[in-house]
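Each reported figure results from applying straightforward, stated rules to the coordinates on display, with no laboratory input. Because the structure is predicted, anything quoted here is derived from the model rather than measured. Virtual Cβ from ideal backbone geometry, glycine too; neighbours counted across all protein chains shown.
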Amino acid sequence: MSKPTPQPDLPPQFDPASVESDLYKEWLDAELFVADPNRSRRAGGDREPFVIVMPPPNVTAVLHMGHGLNNTVQDVLIRWRRMAGDEALWVPGTDHAGIATQNVIEKQLAAEGKTRFDIGRDAFVERTSKFVAETGGTILEQLRAIGASCDWTRTAYTLSPELSRAVREAFVLLHERGLIYRGHRVIHWCSRCLTSLSDEEAEHTEETGNLYYIRYPLTDDPARTIAIATTRPETMLADVAVAVHPDDERYRDLIGRTVTLPIANVEIPIIADSIGVDPEFGTGAVKITPAHDANDFEMGTRHALPMPVVLSPEGMMANGADADSRVPADLLGADRFEARERVVQMLRHAGALVKIESHSHSVRHCYRCDTVVEPRLSDQWFVKMKPLAEPALEAVRARRIRILPERWEAVYVNWLEGIRDWNISRQLWWGHRIPVWYCDACSHVTVSRDDPPACPRCGSTVRQDEDVLDTWFSSWLWPFSTLGWPDTRSVDLKAFYPTDDLVTAPEILFFWVARMIMGGYAFMGETPFHTVYLHGTVRDMQHVKMSKSLGNGIDPLDVRALYGTDALRYTVIAGLGMGADVMLDPNDLEKSFSPGRNFVTKLWNIGRFLLTNVGSETVRPLASIDAARLRRADRWILGALNAAIAECDAALGPARPRNGVWNQSELRAGLRLSEYTESARRFVWNELADWYLESTKGRLAAGGPDSEVARAVLAHAFDAALRLLQPIVPFITEVLWGRLPVADEARGRFIARAPWPMRDDAFGPDAEFELVREAINGIRQLRADYSIPPGDRINASLDIGAAGRNAARDQAIVTEEAAFISRVARCDVSVAQSPETGATILLSSGSRIIVPLAGVINVEKECRKAKTELERLEAQLASLNGRLSNPGFTDRAPAHVVEAERAKQGEWTMRRSQLAEKVMSLCGS
RNA sequence: GGGCGAGUAGCUCAGUUGGUUAGAGCGCCUGCCUUACACGCAGGAUGUCGGGGGUUCGAGUCCCUCCUCGCUCACCA
């Protein structure tokens with residue numbers, strides 16, 4: 001809490017590299033980011049908790065722009081609420097990422113010419129753990145580098161002992177509630193990863209393939225055939241029936257008879273099924289392959305058909321369960337796609353191939369390795385989702401949770417309404433082993449939180465289920481498992497659950513967000529968060545998603561090295577419209593990040609000016625300055641500051657719903673980060689720097705009591721501006737704020753913990769300073785219009801002889817501000833009793849400024865300009881008059897609108913007469 | 001195929017319940033190294049708000065329709 005020691009000797013250039021690391025370390029040493037549960041209102045403290053749990057990056061991940069964007073957004077929100085006085089907690093962590101991490105290690109093994117089966121399960125898991133222990137912290141270190149203000153004392157990992165305990169608890173609880181079951185059915189199978197996948201992990205891709213028409217001869221009348229159509233002819237070897245629609249005239253007499261399956265040479269029946277057969281598609285007859293198609297499985301179950309398997313787990317032709325010798329010897333071991341070609345050849349030779357049509361259909365691919373997914377009959381563990389989905393739907397419908405942007409809410413509801421059971425078992429080695437034990441002696445199945453030493457029924461040895469759980473089975477517990485669940489006495493859980501905002505990309509809305517909501521209700525009885533903020537994707541200039549494999553990525557650390565973390569953060573936040581994608585050019589970092597770099601430089605230079613000109617002597621607090629001593633520029637900038645604070649607050653919106661339910665007016669409000677950024681930018685750049693700062697130069701140089709006022713206002717306004725900007729650009733604001741010569745013991749050491757700016761409604765728009773700005777702008781425009789060299793000074797007269805409304809007041813203002821106008825517009829101002837001819841600047845107050853510009857002014861040009869302006873004004877005024885004389889408008893439009901139009905009418909009418917006068921004097925007619 | 005969204009300045013996007021002369025950033029043009037800043041300052045140009053129709057005193061905003069993109073779900077074999 002030491003008094004700041006101002007160091008006005010700021011280097012001319014901000015050098016992020018030289019300060020960022022040290023600053024971050026200071027923040028950590030001061031424990032600025034460590035949350036204290038006892039300060040949370042829920043645990044008896046006096047602060048509102050504000051909690052975000054980080055979407056845990058894969059433990060093997062290295063930072064890319066997507067992480068950069070995601071975590072910057074979260075950091076902005078956390079830093080904002082931390083300043084606003086909340087007990088802010090941002091929980092960081094990583095995900096063990098089952099398939100993804102296993103793939104990484106398998107690739108390493110492949111490079112050594114080995115597979116995971118060569119080294120065995122234990123060695124594989126050990127090796128993976130070691131790899132994770134050595135490299136797993138990388139991405140979290142990188143997040144520190146971009147300023148993430150996480151509470152690192154709470155860093156979590158989905159495969160840690162604590163979270164593994166939560167996973168077991170969740171599994172057992174669901175099992176006890178009858179929501180987990182073992183199912184025998186067709187699931188999505190990745191023949192490269194050798195595991196089953198959930199519906200969400202098998203992604204659709206629209207592809208153009210072939211539709212093969214094949215005819216099967218009737219067993220007792222081989223001359224007669226029935227044709228079917230299929231996209232996967234190799235699976236015909238596992239056909240067990242041909243299904244037709246019962247009402248289909250074409251096949252009615254065939255129902256109940258049998259056909260002989262070519263190649264496999266087995267006899268299969270023709271059956272009728274009204275649910276699974278569309279008479280309009282293909283030939284109206286469908287081959288039924290229960291073991292290799294989810295639909296056919298359903299039909300096979302309905303008709304109690306056998307389910308032979310002809311593909312191995314690796315996707316090669318094989319005579320599996322119930323297949324006998326359906327696959328001929330020369331096809332055994334053939335890859336499924338090769339087999340497809342060969343089966344077609346064989347059918348062609350046998351005269352069974354009718355035709356091949358091009359066919360567009362969607363094919364599912366493994367979301368991790370892009371291999372075409374094979375439907376496969378197997379035993380898996382499932383979670384019944386319908387009962388879990390109900391409260392998750394209700395939460396959104398009852399506005400306990402809002403999803404931003406709005407359009408994703410419909411997607412969420414749509415998905416939950418049609419939800420299907422979740423396959424949670426994976427035939428992998430890296431992950432949480434399923435807590436189920438089998439007794440081979442008595443067939444007893446034990447589902448347990450703890451490893452059972454023996455079968456509880458017969459005492460024999462038990463063996464644990466070989467499978468592991470879907471990675472997302474640990475992720476969906478994240479908002480409470482990271483806070484100590486299942487230990488319900490956990491102080492963190494009490495103080496910080498439910499959390500507040502969940503910030504992520506729409507891609508994992510179903511994988512993760514929806515499941516977390518279901519998990520929150522299932523295990524905590526409460527929503528895990530009240531706001532879901534789905535931000536866009538980082539793309540290149542061709543709108544292609546950035547990715548390392550495509551080579552169009554940007555490394556945030558490269559940007560940091562070039563322009564600094566603040567420039568990176570500012571650029572992505574400023575460019576982030578609600579739900580919009582962020583476009584960046586990986587080939588031109590200079591151009592992509594110029595908004596951030598330019599802004600940071602500007603801020604630095606404002607700071608340099610301020611600290612140099614304000615000096616190192618402690619500035620008096622604004623509150624101690626008599627309001628009567630404030631000049632109009634002071635009042636103006638303080639009004640502008642209030643407007644800026646109001647705009648930022650409005651853009652950020654309410655931090656949480658009142659009483660746990662969003663009201664309609666706040667449901668879609670807030671988290672408009674680009675608007676917040678723009679408001680803060682406009683204030684500090686276009687108002688503070690462009691106008692106020694300029695206005696103080698003379699006053700500061702003059703010294704005396706008035707300079708004391710200017711110093712106080714400057715410091716006050718800049719202090720507030722820095723605090724508005726701290727969440728976006730935490731490093732540079734920390735450096736500048738720390739050097740402001742302000743004496744306030746309550747101020748604290750770090751801006752990161754300083755209070756969020758509050759409005760002071762004593763100051764609003766200031767019409768008097770606006771008049772000064774108008775005068776300056778008018779003179780600048782004349783300069784440009786007549787190409788008056790910057791070196792030339794001009795003379796201007798304020799015409800007080802004109803019939804202006806406020807001539808006397810305007811005279812007083814302009815006389816008083818003459819020095820400022822003169823310096824900024826490079827123009828000498830005097831007050832004239834009788835106007836000379838010259839360029840005329842009309843002021844909105846009704847006064848005007850005459851600039852003679854002898855020898856320069858082009859009367860003809862000035863006349864033309866005035867005439868054009870007059871014409872335009874008259875047209876607009878005519879339409880306005882028409883509107884105001886139309887009863888339809890005056891009667892039906894809201895009163896305030898009509899009033900505004902009337903006021904405008906008065907202004908325009910006056911301006912028209914002024915303009916007419918101007919035209920008269922210039923054009924002489 | 002179901003559901004949803006988008007088309008506004010050269011590019012990326014704002015535009016809140018219909019109501020002043022439709023805005024910002026980047027880019028572009030002109031002039032300036034004015035003692036904080038050329039990563040800057042001052043000035044400037046550019047829009048039949050995708051096409052067509054409708055409702056209204058008034059439409060970028062609401063309705064219909066068409067065109068073009070995009071997202072998302074889906075058991076057309």
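Laid out as a table, the results:
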read-out: Helix A:65-83 axis, angle to chain A major axis (alpha carbon atoms, nearest 10°); value: 60 degrees
read-out: Segment A:T205-A:V445, extension gain: residue separation times 0.36 nm, minus the distance between their alpha carbons; value: 82.4 nm
read-out: Prolate/oblate/rounded label for the stretch A:162-201 (Cα gyration tensor, a/c 1.5); value: oblate
read-out: Contour excess over end-to-end distance, with Cα ends at A:D46 and A:A294 and 0.36 nm allotted per residue; value: 83.7 nm
read-out: Highest-first arrangement of A:136-149, A:656-669, where packing means the average Cβ count within 10 Å; value: A:136-149, A:656-669
read-out: Calculated SAXS-style log₁₀ I(q)/I(0) at q = 0.25 Å⁻¹ - the stretch A:256-336, Debye, Cα scatterers; value: -1.29
read-out: Simple label model, 7 Å out from Cα along Cβ direction - A:Y438 to A:N881, nm; value: 9.4 nm
read-out: Cross-link reach list, lysines versus A:K697, counting only Cα pairs under 22 Å and skipping chain neighbours closer than eight places; value: A:K602
read-out: Cα gyration tensor category, rounded, prolate or oblate, for the stretch A:207-365 with a/c compared to 1.5; value: rounded
read-out: Residue-span extension gain [A:L173 to A:T301] - 0.36 nm each, minus C-alpha spacing; value: 43.1 nm
read-out: Near-label residues of the stretch A:259-278 by backbone N, under 18 Å of a point 7 Å along Cα→Cβ of A:D247; value: A:272-278
read-out: Cα-projected label distance for A:R39 with A:A145, points at 7 Å along beta-carbon direction, nm; value: 3.0 nm
read-out: Estimated [θ] at 222 nm from DSSP helical runs (n ≥ 4, -39500 (n - 2.57)) normalised by residues in chain A, nearest 500; value: -12500 deg cm²/dmol
read-out: Förster radius 22 Å - calculated FRET efficiency between A:R182 and A:D322 (Cβ-Cβ, nearest 0.05); value: 0.65
read-out: Among A:748-760, A:602-614, the order from most to least packed when residues are scored by Cβ within 10 Å on average; value: A:602-614, A:748-760
read-out: Only Lys, Arg (+1) and Asp, Glu (-1) charged, at Cβ; chain A dipole about Cα centre in debye; value: 1720 debye
read-out: Over the stretch A:15-154, volume per residue of the alpha carbon convex hull, in Å³; value: 141 Å³
read-out: Helix A:767-785 axis, angle to chain A major axis (alpha carbon atoms, nearest 10°); value: 90 degrees
read-out: Peptides A:193-199, A:583-589 ordered by average Cβ neighbours within 10 Å, highest first; value: A:193-199, A:583-589
read-out: GluC sites (Glu not before Pro) within the stretch A:215-301, DSSP loop, no more than 12 other Cβ atoms inside 10 Å; value: A:E280
read-out: With Cα atoms, 0 to 90° folded angle of helix A:16-29 axis to chain A main axis; value: 70 degrees
read-out: FRET efficiency for A:S913 and A:A893, using Cβ-Cβ distance with R0 set to 30 Å, rounded to 0.05; value: 0.65
read-out: Space enclosed by the convex hull of the alpha-carbon atoms of the stretch A:98-202, per residue, Å³; value: 179 Å³
read-out: Calculated FRET value between A:V544 and A:V62, using beta carbons and R₀ = 22 Å, to 0.05; value: 0.65
read-out: Chain A - Rg over Rh from alpha carbon coordinates, Kirkwood radius; value: 1.10
read-out: Restraint check, A:K130/A:K545; A:K107/A:K130; A:K861/A:K904; A:K545/A:K591; A:K287/A:K355; A:K865/A:K918, Cα-Cα greater than 22 Å; value: A:K130/A:K545; A:K861/A:K904
read-out: Rg over Rh [alpha-carbon atoms, Kirkwood Rh] for the stretch A:539-599; value: 0.95
